[in-house]
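The values are calculated or read from the model by the stated rules, or taken from the named source; none is laboratory data. Keep in mind the model is a prediction, meaning the values are calculated, not measured. We place every Cβ from the backbone using ideal geometry, glycine too, and count neighbours over all the protein chains shown.
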């Protein structure tokens, strides 16, 4: 049974018309949202999707993103709560978790629109408006915090926000896939250090998901089984790449890891997306995800840049083939050394990993983490 | 008619058994190669390919690469010629262009072997030995040089070496695709600053090439035409993204560019690979390629990291479908700012570009370059 979320939502609107949603923890004082006093000019959005005929994939051009906020000093962080003397993206003086529409989105536009491809430039030049939704999720008002430093209760509030946004964006016409993710660390280009993640509502099924589902379809035709579930079972049986298991979740370094640090986290039950998890699975997730991040950061205490991304089923297709899971990847290959995607990966898509997945799993198991 | 190469080859062997080939320009004094006096220990190669069932792709694990030479000081560069007091990878005191087997290769092994997949670990864990060939190509003995600073005659010698290696590696059993490329710039992780490129002989057709050829096959079935040739013709007809044209080559920023700086260079005639170019095309290439690099570096004089990669037909398949071309890409999106592959690109394969391809083409056309 889908979970009952434990947060209290308060919806408001920023001065340029963008939506902002407070997710307060149960027991927090009632909130009457303050108005945004900034009189923000609206950003001229010029998002366009173009079809790359060499791969069959959409590429998005979002020119207005060139002017986005870039590594602001700590005392100008737009994700801090507002104060008497400084107005930020969040009008209120405090928050638990807050979600708002990105001011410099890769995809934008009113709900109800679906991109209509145009070949006005000729059949080799197919394009469409980049209609979709990009949201920012602030995990805490503590500028110097990190997801890994949240309490399990706050982690659950963030996860509840993910579930809520997955449900809401999935219901909007034109959105085909909801992607919940966190980019963490300056080494991977994060332009705001305040702990936050993002949510993309894509107007198409992403290339990686399309590839995975094609493999899963072929696998089902060949064997009758579910590719993801069978892989999970095989990793559990092999054992040597398991990082941790809980009542409802299993984390492992995959047999064919591409990144020097890569952990996959699967619910033990096959579900299409975050919105389908039940209450016990969500509670369990808040502890096991904290444990994974703490093990990863514990393995490289100096700095572990990472990307954590949720692989969810498309909204309108293949929901029985897909299997919700999280992939946390890092370019850290050693203290002081990063993995770069050079010619083989960037040009040919041919991945070379310098680390044995079994060794990485053993390293992660060896990190001692305090209980969440 | 395939070109007659203009270089004189001298083949020798390094102390650990790796092959080294001098490509001297016509008119250079005769060479009697000096022996390698280093008594190098051989590197324990542990290259393994693993099948990623979620994508159907091979991922290579090359653990010994963790110990590769990393950002050595200028006076310890292993790609300089040897001197009386310092022995490097190149035993002779001078060279024009030199190619040798990489000491820390992603693929290695004797010719004649083909990888035999093993499912000893069970059907979900298919693996094979990473048999193939990785070579280093030094463009000049000038440690502080750059490809863009070569003379057209030297550029032609490098190109002749590419042609020679494409021919030779294509003839080796087990090699399915030859990839000629250059990674340039510390920002993309280049660990040796000496001007050099690389050549990979893969034991499989790479994922990107597989995808492109599938699209080209579907396009031919749909239209009867060649996808690459029709795209080239459409870009020439559109005109606005053309960077430069010569007698035999056309360079443009593609309509659906993924990277903030991306230039594709096509021969006007459809050929499968570098080995099929004729003498006039090779001569022309040495000028037009220098012009492209000079325009790109002229656009961002402070620093332009780039990856230049040749898309060649597989050795044994689809040689009529493929169309040789070069893609030069850069992560530079503005002075002082780089494009990073974060969640959308790294996890979902969904690309967001902040720059309009038409603007990038105009920028490149506006750079004034001295004639090569």
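Before moving on, here are some points about what is shown:
- Count - residues of region B:50-92 that are within 14 Å of another protein chain (Cβ to nearest Cβ) and under 21 Å from the mean Cα position of the chain (by Cα): 11
- Filtering region B:322-355 to residues that are farther than 30 Å from residue B:220 by Cβ, in contact with a strand residue (DSSP E or B) (Cβ under 6 Å, 6 or more places away or on another chain) and either more than 7 Å from chain A (Cβ to nearest Cβ) or without any contact (Cβ under 8 Å) to a residue 12 or more places away in the chain (or both) leaves B:330, B:331, B:332, B:339, B:342, B:343, B:344, B:346, B:347, B:352.
- Qualifying residue in region A:327-350 (condition: in a loop (DSSP other than H, G, I, E, B), at pLDDT 95 or above and surrounded by fewer than 23 Cβ atoms within 10 Å (Cβ to Cβ)): yes
- Selection count, region A:245-262, where residues are more than 13 Å from every other protein chain (Cβ to nearest Cβ) and closer than 16 Å to residue A:229 by Cα: 5
- Residue match in region A:284-295 (condition: more than 16 Å from residue A:197 (Cα to Cα) and within 14 Å of another protein chain (Cβ to nearest Cβ)): no
- Residues that are at positive phi and exposed (fewer than 14 other Cβ atoms within 10 Å of the Cβ), drawn from region A:33-87: A:39, A:71
- Condition met for residue A:211 (at pLDDT 95 or above, within 9 Å of another protein chain (Cβ to nearest Cβ) and under 30 Å from residue A:116 (Cβ atoms)): yes
- Of the criteria (1) farther than 27 Å from residue B:120 by Cβ; (2) over 19 Å from the mean Cα position of the chain (by Cα); (3) facing chain B (nearest Cβ under 8 Å), which one residue A:206 fails: (2)
- Of all residue pairs spaced 6 or more apart or on separate chains, those with beta-carbon atoms under 8 Å, a first member in region B:258-275 that is free of Cβ contacts under 8 Å to residues at least 40 places away in the same chain and a second member that is in a loop (DSSP other than H, G, I, E, B) are B:268/B:248; B:269/B:248.
- Among the residues making up region A:174-198, those that are more than 8 Å from chain B (Cβ to nearest Cβ), under 17 Å from residue B:346 (Cβ atoms) and surrounded by fewer than 23 Cβ atoms within 10 Å (Cβ to Cβ) are A:185, A:186, A:187, A:191.
- Of all residues in region A:234-242, at least one satisfies being more than 12 Å from chain B (Cβ to nearest Cβ) and either farther than 26 Å from residue A:178 by Cβ or more than 23 Å from the chain's Cα centre (by Cα) (or both).
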